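Asks: Quick one: this structure, given as structure tokens, is what I'll be asking you about.
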Amino acid sequence: MNNTMVDFPLTLKQCRVITEIMKKGTEKDASVSLNLSQPSVSRALSQAESALQISIFTRGWSGAEPTSEGEVVISSCNTLLQMMTDTERHLQQNVSSLLKLKAYAEWRHFMVIDAVVKVGSASVAAQALGITQPAVSKTLKEIENMVQQPLFLRTRHGLMPQEAAKQLASLYLRISPVAQALRHTLQSLPNELTGRLSVGMLSFSCQDIVPVAFASIFKQHPRIRLQAMQGPYHLLSNALRQGEIDCFLGLMRKGPIHPDLIELPLVRAQYALIARADHPVHRYAKTLNDLTNERWIVARHGTPIRDYFESLFHSIDNKPPIQALEMLTFASSEELVIHSDAIALLFYDDWNIHQLNPRLKQIPIELPNPECTLGITLHRDRQSPLIDTFIDELTLTIEQKLALA
């Protein structure tokens, strides 16, 4: 087919692939849903990204996640496919067998049927499109098989379009402008920070400052996609190394577990023993030895706070309690302390300890070396203006917060 055929930035197959990857989360699952091989799906996505000169998806925490430009592409693809679905639903009313328009139609099918509807002749349509008449006839047969009903009635005056052909030609007039506008829409995107910022959070860490920083970024840079998720250290470290997240926050250790990762300190904090405000422990506990028989709420094994908890009991030649209750979030730990007789080992910065829930109270026992540091872990080779912006917002949020302490 020569240049008289309309040039669309994406094929309809590519639109189907892009939409299905978004729905399923992976190319593998999309290939199963579309009944295509995984290499075919990967190739279609790669060709689409090459044609548009953008990245449509990035690797994310739960699979393929769209970039900011990808969101625009996906929206366009969804619109096209939804209009095809609506037309197919109308055509389905005329036949009992399942139609295959949305699954298999390509631009050439719509262009041919539109041309034949306009001129009433396969040969004239072929000439207008710059293709052969057999190619037009073959294409009409293909789409007729997709919709399972006649498209044209042959008369002495040429080919008379039937209702199905009219609906398909009308569909083409509606979807072609949407497809052709995609490149212009992408080129017209404002010149501002875009992309995905995916932040991991270790248990007990930074839940009060990340939302504030996110809100500020969202207000200033509305085209950034913001994500936050919680997980254990090794899981977040692997996700960061693989590019599934951009950074993660939490208590700093004695150094990252992999040379690809670096740590930046954000705010100083300190470990604290917390109990219910009316707990009897506040009256009799003077040293750690007075707490050996208490029930404890602590973070999971392998975390700095759990290591510190065990070191406390080793420092008084005592074994750590084996029935300690492990909690995964700061809020749930505080809530459990309020509603139980358990004691929690938590950590607070200056602001949070001054703003402690009035139903809670710090046990006034001096702890050895209680200082700890909250920080952000980054990939050494994957810095970006977006991550720099996030760090700046975190730093400002912390400064404003501590100024109120």
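Asks: Counting residues that are under 24 Å from Arg382 (Cα atoms), which helices (runs of 4 or more DSSP H) fully inside the stretch 5-63 reach at least 2?
Replies: So the answer is 38-52.
Asks: Taking into account only those residues within the stretch 146-159 that are in contact (Cβ under 8 Å) with a residue 12 or more places away in the chain and under 28 Å from Ala103 (Cβ atoms), which is surrounded by the fewest Cβ atoms within 10 Å (Cβ to Cβ)?
Replies: So the residue we want is Pro150.
Asks: Being crowded, with 16+ Cβ neighbours inside 10 Å and part of a loop (DSSP other than H, G, I, E, B): is that true of Leu99 here?
Replies: yes
Asks: Taking Arg183, is it modelled with pLDDT under 95, of a type in the set (D, E, K, R), over 30 Å from Thr373 (Cβ atoms) and under 25 Å from the mean Cα position of the chain (by Cα)?
Replies: So Arg183 passes the test.
Asks: If you go through the stretch 339-358 one residue at a time, how many are more than 20 Å from Arg268 (Cα to Cα) and small (Gly, Ala, Ser)?
Replies: Residues in the stretch 339-358 being more than 20 Å from Arg268 (Cα to Cα) and small (Gly, Ala, Ser): 2 in total.
Asks: Could you please give the count of residues in the stretch 375-400 that are more than 25 Å from the chain's Cα centre (by Cα) and touching a residue at least 40 places away in the same chain (Cβ under 8 Å)?
Replies: 2
Asks: Which one is farthest from Arg253 (Cα to Cα) among residues in the stretch 296-315 that are of a type in the set (Ser, Thr, Tyr) and in a helix (DSSP H, G or I)?
Replies: Top of the filtered list is Ser315.
Asks: OK, next. Conditions: (1) under 30 Å from Pro259 (Cβ atoms); (2) exposed (fewer than 15 other Cβ atoms within 10 Å of the Cβ); (3) of a type outside the set (S, T, N, Q). Gly375 meets all but one. Number of the miss?
Replies: All conditions are met except number (2).
Asks: Shifting gears a bit: Can you go through Leu80, Leu129 and tell me which one is within 27 Å of Ile56 (Cβ to Cβ) and surrounded by 21 or more Cβ atoms within 10 Å (Cβ to Cβ)?
Replies: Result of the check over Leu80, Leu129: Leu80.
Asks: Looking at this structure, is Arg89 over 41 Å from the mean Cα position of the chain (by Cα) and among the charged types (D, E, K, R)?
Replies: no
Asks: Condition first: within 19 Å of the chain's Cα centre (by Cα), crowded, with 20+ Cβ neighbours inside 10 Å and assigned to a loop (DSSP other than H, G, I, E, B). Now tell me which residues in the stretch 192-208 satisfy that.
Replies: Leu202 - this is the single residue of the stretch 192-208 that is within 19 Å of the chain's Cα centre (by Cα), crowded, with 20+ Cβ neighbours inside 10 Å and assigned to a loop (DSSP other than H, G, I, E, B).
Asks: Give the residues of the stretch 214-231 that are part of a loop (DSSP other than H, G, I, E, B) and touching a residue at least 40 places away in the same chain (Cβ under 8 Å), sorted by residue number.
Replies: His221, Arg223
The values are calculated or read from the model by the stated rules, or taken from the named source; none is laboratory data. Given the structure is predicted, the values throughout are model-derived calculations rather than measurements. Neighbour counts run over all protein chains shown; Cβ positions are idealised from the backbone, glycine included.
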